[in-house]
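Written below as C-alpha cells is the structure these notes are about.
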Amino acid sequence: MTTQTGMDLLRFATAGSVDDGKSTLIGRLLMDSKSIFEDQLEAVEATSQSKGYDYTDLALLTDGLRSEREQGITIDVAYRYFATPNRKFIIADTPGHVQYTRNMVTGASTADLGLVLVDARQGLTEQSRRHAVILSLLRVPHLVLAVNKMDLVDFSEEVFERIYAEFTQFATKLNVPDLQVIPISALQGDNVVNRSEKMPWYSGPTLMYHLEHVHVASDRDMVDVRFPVQYVIRPKSDDFHDYRGYGGQVAGGILKPGDEVVVLPSGMTTRISGIDLFDREIPEAFPPMSVTVHLEDDVDVSRGDMIARVKNAPTPSQDIDAMVCWMTNQPLRPRQKLAIKHTTRTGRALVKDIQYRLDVNTLHRDQESQELNLNEIGRVQLRTTVPLLCDPYSKNRTTGSFILIDEATGITVGAGMING
Amino acid sequence: MSQTYADYRLSQLDQLEAESIHIFREVASEFEKPVLMFSGGKDSIVMLRLAEKAFYPAKIPFPVLQVDTGYDFPEVLSCRDSWVDRLGVRLIVASVEQAIADGIVVDDGKTSRNRLQIGTLLHAIEENGFTAAFGGGRRDEEKARAKERVYSHRDEFGQWDPKMQRPELWSLYNGRLHEGEHMRIFPISNWTELDIWDYIGREGIEIPSIYFSHQRSVFERDGMLLSQSEYNPLREGETAAERTVRFRTVGDLTLTGCVESTASTIDEIIEEVAVARVTERGATRGDDRFSEAAMEDRKKEGYF
C-alpha cells in the first residue's frame, strides 16, 4: 500500500509570466508525477481547442478563475499539489508581473524553496532579478534558477555558463543561503524529471531530483525556544477539573518537560511540567508542531503571551523597524494608523517614518520617497500600542513577521518583516 | 549542529495536522460564533477529528451544522449521529425541505437540492448569527478552490468575491469582519484526497459505510452510476442493476455517483485512489459538471 507516514513536505513558490514557460514546467511536473487527472486534462484540451490553439495550453490547468481564463493571465496565487514516493509538494504558483508583486510575496511567505525561471535566449531580465530579490527578502532558504528553453540555444554550455555567472554575481547582493542553477527544457523534458542526453556537460541534479532531495528540515530555528500562546484550554469538566493547558504551534526551539521558561511579557518564570499532543504526553515538541503545554506554577498566561527560555527570550518592543510590502491602492504614509497582527498578538501601529523605498529591480534605495504605493516594498518605522515579542525575520520567519490591517475596511494591506 | 537537528522533522501528514489545529484554535480565539459545516463526508469527518484534537480534553467549543437535503444517504446520517454523540457536540440541522416550506428557497422542480442548499445554509448562518463557518473544501479538488484563502471572506449576502480576496501570508490570518459578514474557514485547504485517506487510516476513525465496497442497485445517467431510490426515479430507457460499488464523495444522493470497486478496507481504498485517473468530483459529482466555472459560480453565491 502507499503510505505517506514517512513522507516529508516541500513548499515551493514559482513566479513567471506567460512566455517564460512556467506553466509548461508546472504542467510537466504534474504530468510526470501523474498528478493531472484525465478529466482535468480533457477539460483543458477541450478549452484549448475551442479557443483555436494548436497546442494544449497547460496554463488553463492553473488559471482557476473565470477572469484569469478570459484575460489569459494568472492574477492570483494558485496552490497545486503533487507527490513522489518520498515527498509531497505544495506549489504556490504566482504571477510574475510587477503589478502582482504582492501575490508573489504572499506565495513566497510560506515557501521553503523558490524557483526562478529564465529564458536561455534572453538571459537575466528585470523580471527574473525582481523574483530573486523578493524570494531573498522573504528569506526563502533555497533558490533554484532554472535556465529554460535550452533547446532553443542548441543546449549550449556557453550560454548556460554566461547566465550562471551573471546570476551568481547578482546573487552576492542578496541573502541566498543555497543556490542551484539547472539548465532545462520544460517543453522537451530535459533535466526536468529525466537527465538530458543533450547536455552531457551538465553534471548537477535534475530539477525533480533536487526538489526531492533538498534538505529543508533544518531550515527552522531549533535553538531559540518560541511558543506563542494561542488558546487556553480549560475543560471545566469533572474528569479534568484542574486541567489548564496552553495550546499553540511551536515557532522555534525544542521544548521539553522540566525546562525552565519565562512567560512574556509578564516576565514570570516557571517550568514546563508536561507537553500533550492530543491525548498523549510527549517528551519534546519542536516546530511546526501544534501542542498543549502545561506549566508547573499557576501563573497568569493568556493568548498573545509567549513562552521562551529564561536566558534566551525576545525583548518586548514597541518600536518596530521592518521591511513592509504594501498591498493596497491607497498609499502608506507617515502618521497613518493601522491594526497589526504579530504571532497571536493584535494591536495598533502608527507609521513613524518611511526611511526608503526599495527598487526591487535594482536594489536601489530611494530615500526621497515619503510613501509606499501598491506593490512597493520599503523600510518603515512603526510604533505599536502593545509590545511585540519579536525576533529579526532573518532569524525566525514566524516571530519576525506581521501583517497590517486597515481598521476601516478590515482588509490586509501590508506584510512586514522585522529587521535586526 | 545541523546534523543533530535534522532528526527533528515532522512527516507531511503531521505537518498538515499541525497547520489545521493551528487554524481551529485561531478561529476559536478570534471569532465570536464559529460553526462547523458538516456534510457527513470524509473531509468533514477529518475536520471533526482535527477539532477534537485542537481542544482536547475540552469539548469542541462550537456547534456542528448540517444542511439536510432530504436526499441524504441514511448511512451518512447514522455515522453523523455516532460522531456527534461521542464528542458531545451540539448538532444543528438546517433542512432544505423546511426552507422550502418556509419560503426561504423556492423549489421550482428544476433546481437541484444541491443548489437549494445555498439559500438554506445562508439562512441558517444568518439566523444563528454565525461569524465563522468551517468548511471541508480542499484546494486540490477544483481550480476555483485552488485560489481560495484559508480565511475566505463573505459579504452580507454570503457572496465570495474572488477578485477582492485578502492577501494571506505566513500563518497570520485576518479575521476582521463588518456587521452581517461572515468568514468561511477551510482548515484542510492543503490536504489532498490521498492525505485524507491516509489520515483516516492512521487515526482509525469511523466513516460512513458507503465509502467501502458494497452491493447496490444502480443505474447509469450522464455517464455516472447513481443509486436507485424513491428520490431518484428511473427515466425512460434507464435500467437498474445490482453492482459492486463504493462512493468517492458523499452528497445529495440524486447527484452523487458511485464507482465500481471492490475496495473494502482503507488500505484498498488508498491503493485505488493512488492510481485513480479521474478526480473525485469529476467522476462522481453531477453538480460540478455543468460548466467550466460551475464551482466558482456556486461559491460566489455562497456555496460551501
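The values are calculated or read from the model by the stated rules, or taken from the named source; none is laboratory data. Keep in mind it's a predicted model, so treat the numbers as computed, not measured. As a convention, Cβ positions derive from the backbone with ideal geometry for all residues, glycine included, and neighbour counts pool all protein chains shown. The protein model used for the area step is the full one, side chains on, heavy atoms only, and it has no ligands, DNA or RNA in it. Shrake-Rupley method; radii C 1.70, N 1.55, O 1.52, S 1.80 Å.
Using the Kirkwood radius over C-alpha pairs as Rh, can you work out the diffusion coefficient of the stretch A:8-219 via Stokes-Einstein at 4 °C, viscosity 1.567 mPa s, in µm² per second? Before the final figure, lay out the partial values.
Working: Rh = 17.3 Å.
After rounding, the answer is 75 µm²/s.
Peptide A:30-41: average number of partner chain Cβ atoms within 10 Å per residue? Intermediate values should be presented prior to the final figure.
On the way: counts 0, 0, 0, 0, 4, 2, 2, 8, 6, 8, 6, 1.
Partner-chain Cβ atoms within 10 Å, mean over residues of A:30-41: 3.
Under 5 Å between amide hydrogens, which residues at least 5 positions from A:Ala83 or on another chain qualify, with H placed 1.01 Å from N in the peptide plane?
Under 5 Å from the amide H of A:Ala83 lie the amide H atoms of A:Phe89, each far enough along the sequence or on another chain.
Compute the helix-to-body angle for A:38-50: its Cα long axis versus the longest principal axis of chain A, expressed 0 to 90° and rounded to tens.
Compared with the principal axis, the helix lies near 50 degrees.
Please work out the Kirkwood hydrodynamic radius for the stretch A:316-418, using every pair of different C-alpha atoms, and report it in angstroms with one decimal place. Let's see the in-between values first.
Details: mean 1/r = 0.0744 Å⁻¹.
It works out to 13.4 Å.
Can you tell me the alpha carbon radius of gyration of the stretch A:223-265 divided by the globular rule-of-thumb value 2.2 N^0.38 Å? Working shown, then result.
On the way: Rg = 12.5 Å, N = 43, 2.2 N^0.38 = 9.2 Å.
So the stretch A:223-265 has a normalised radius of gyration of 1.37.
Can you find, among A:Ser401, A:Leu187, A:Ala349, the residue sitting farthest towards the positive end of the charge dipole of the protein assembly as shown, where Lys and Arg contribute +1 and Asp and Glu -1 at Cβ?
Farthest along the dipole direction, towards plus: A:Ala349.
Amide H neighbours of A:Glu376 under 5 Å, counting only residues 5+ apart in sequence or on other chains, H built in-plane at 1.01 Å?
Here A:Trp326 satisfy the definition.
Once each part is reduced to its C-alpha centroid, what is the distance from the stretch A:332-371 to the stretch B:165-205 in angstrom?
So the two Cα centres are separated by 30 Å.
Over the C-alpha atoms of the stretch A:346-404, what are the Rg and the largest Cα-to-Cα span, Dmax, in Å?
12.9, 36
Using only DSSP helix segments of four residues or longer, with each worth -39500 (n - 2.57), what per-residue ellipticity at 222 nm results for the protein assembly as shown after dividing by its residue count and rounding to 500?
On the way: 18 runs with 184 residues, N = 724.
One gets -7500 deg cm²/dmol as the mean residue ellipticity at 222 nm.
Across the stretch A:390-401, in residue order, what do the Karplus-derived ³J(HN,Hα) couplings come to in whole Hz, using 6.51 cos²θ - 1.76 cosθ + 1.60 with θ = phi - 60° and x for Gly and Pro?
Once rounded to whole Hz, the list reads 10, 10, x, 4, 5, 9, 8, 6, 8, 7, x, 10.
When the Karplus curve 6.51 cos²θ - 1.76 cosθ + 1.60 is applied with θ = phi - 60°, which whole-Hz ³J(HN,Hα) does each residue of the stretch B:96-105 get, with x for Gly and Pro?
Using θ = phi - 60°, the values come out as 5, 4, 5, 4, 5, 4, 7, x, 6, 10 Hz.
Roughly how far apart, in whole Å, are the Cα centres of the stretch A:179-194 and the stretch B:45-93?
Cα centroid of the stretch A:179-194 versus Cα centroid of the stretch B:45-93: 47 Å apart.
Order the peptides B:178-187, A:363-372, A:94-103 from the highest to the lowest mean number of other Cβ atoms within 10 Å of their residues. Spell out each step's value before the answer.
Working: B:178-187: 19.4, A:363-372: 13.5, A:94-103: 21.2.
Sorting B:178-187, A:363-372, A:94-103 by mean packing, highest first, produces A:94-103, B:178-187, A:363-372.
So what J values fall out for the stretch B:27-35 if you push phi through Karplus, 6.51 cos²θ - 1.76 cosθ + 1.60 with θ = phi - 60°, rounded to Hz, Gly and Pro as x?
Each residue's phi maps through the Karplus curve to give 5, 4, 7, 9, 10, 5, 9, x, 8 Hz.
Would you please give the residues with an amide H less than 5 Å from that of A:Asp190, counting only those at least 5 places away or on a separate chain, with H modeled from the backbone geometry?
Residues meeting the amide H criterion: A:Ser185.
Residues of B:54-63, mean number of Cβ from any other protein chain within 10 Å of their own Cβ, rounded to a whole number?
Numbers: counts 7, 6, 11, 12, 11, 3, 0, 2, 0, 0.
Mean shielding count: 5.
Highest first, please rank the peptides B:241-254, A:259-272, A:347-360 by the mean number of other Cβ atoms sitting within 10 Å of their residues. Display every interim value, and only then the final one.
On the way: B:241-254: 20.2, A:259-272: 16.9, A:347-360: 18.6.
Sorting B:241-254, A:259-272, A:347-360 by mean packing, highest first, produces B:241-254, A:347-360, A:259-272.
Return the value, in Å² to the nearest 100, of accessible area buried between chains A and B (probe 1.4 Å, both sides summed). Kindly include the intermediate steps, with their values, before the conclusion.
Details: alone 20460 and 15100 Å², together 28480 Å².
Using a 1.4 Å probe on protein heavy atoms, the buried area is about 7100 Å².
Determine the shielding of peptide A:77-90 by partner chains: average, over its residues, the number of Cβ atoms on other chains within 10 angstrom of each Cβ.
Values: counts 6, 7, 9, 4, 10, 2, 5, 0, 0, 0, 1, 9, 1, 7.
Mean inter-chain Cβ contacts per residue within 10 Å come to 4.
Give me Rg/Rg_expected for chain B, where Rg uses Cα atoms only and Rg_expected = 2.2 N^0.38 Å with N residues. Spell out each step's value before the answer.
Numbers: Rg = 19.4 Å, N = 304, 2.2 N^0.38 = 19.3 Å.
Normalised Cα radius of gyration, chain B: 1.01.
For chain A, build the convex hull from the C-alpha positions and give me its volume per residue in Å³.
Numbers: hull volume 74.9 nm³, N = 420.
Measuring per residue, one finds 178 Å³ for the Cα hull of chain A.
Might you tell me the accessible area per residue for the stretch B:208-286, computed with a 1.4 Å probe and given in Å²?
Each residue of the stretch B:208-286 exposes 44 Å² on average to a 1.4 Å probe.
Could you size up the charge dipole of chain A around its Cα centre, putting +1 on the beta carbon of Lys and Arg and -1 on that of Asp and Glu, and report it in debye to the nearest 20? Please list the in-between numbers first.
Values: 44 positive and 56 negative charges, 222 e Å.
Here chain A has a charge dipole of around 1060 debye.
Just in the stretch B:1-77: which chymotrypsin sites (Phe, Trp or Tyr not before Pro) are loop by DSSP and have at most 11 other Cβ atoms within 10 Å? Kindly include the intermediate steps, with their values, before the conclusion.
Numbers: sites: B:Tyr5, B:Tyr8, B:Phe24, B:Phe31, B:Phe38, B:Phe55, B:Tyr71; in loops: B:Tyr8, B:Phe31, B:Phe38, B:Tyr71.
Sites meeting the loop and neighbour criteria: none at all.
Can you give me the Kirkwood hydrodynamic radius for the stretch A:226-309, using every pair of distinct Cα atoms, in Å to one decimal? Mind dumping the intermediate values first?
Numbers: mean 1/r = 0.0794 Å⁻¹.
After inverting the mean inverse Cα-Cα distance, the result is 12.6 Å.
Identify all lysines with a Cα-Cα distance to B:Lys110 below 21 Å; exclude those on the same chain that are fewer than 8 residues away in sequence.
Partners within reach: B:Lys299, B:Lys300.
Which entries of B:Lys143/B:Lys163; A:Lys236/B:Lys53; A:Lys88/B:Lys143; B:Lys42/B:Lys163; B:Lys33/B:Lys147; A:Lys88/A:Lys256 show an alpha-carbon separation above 21 angstrom in the structure shown? Each step should come with its number before you reach the end.
Working: B:Lys143/B:Lys163 15 Å; A:Lys236/B:Lys53 17 Å; A:Lys88/B:Lys143 19 Å; B:Lys42/B:Lys163 30 Å; B:Lys33/B:Lys147 26 Å; A:Lys88/A:Lys256 29 Å.
Over 21 Å apart, Cα to Cα: B:Lys42/B:Lys163; B:Lys33/B:Lys147; A:Lys88/A:Lys256.
Largest first, what is the accessible-area ranking of A:Glu376, B:Glu260 with a 1.4 Å probe? Provide the component values of the computation, followed by the final result.
Working: A:Glu376 45, B:Glu260 110 Å².
Per-residue accessible area, sorted high to low, gives B:Glu260, A:Glu376.
Quick one: work out Rg over Rh on the C-alpha atoms of the stretch A:85-185, Rh as Kirkwood radius. Intermediate values should be presented prior to the final figure.
On the way: Rg = 13.6 Å, Rh = 14.0 Å.
Radius of gyration over Kirkwood radius for the stretch A:85-185 works out to 0.97.
Taking just the alpha-carbon atoms of the protein assembly as shown, what radius of gyration and Dmax come out, in angstrom?
Computed over the Cα atoms of the protein assembly as shown, radius of gyration and Dmax are 25.7, 79 Å.
What is the stretch B:1-123's relative contact order, in percent, from Cα pairs under 8 angstrom and six or more apart in sequence? Present the calculation step by step, with values, prior to reporting the outcome.
Numbers: 114 pairs, mean separation 25.6, N = 123.
Relative contact order comes out at 21 percent.
For the stretch B:208-286, just the Cα set please: Rg and Dmax, both in angstrom.
12.3, 39
Just A:Asp119, A:Asp298, A:Asp321 to compare: in a GNM of chain A, with alpha carbon springs under 10 Å, which one fluctuates most?
A:Asp298
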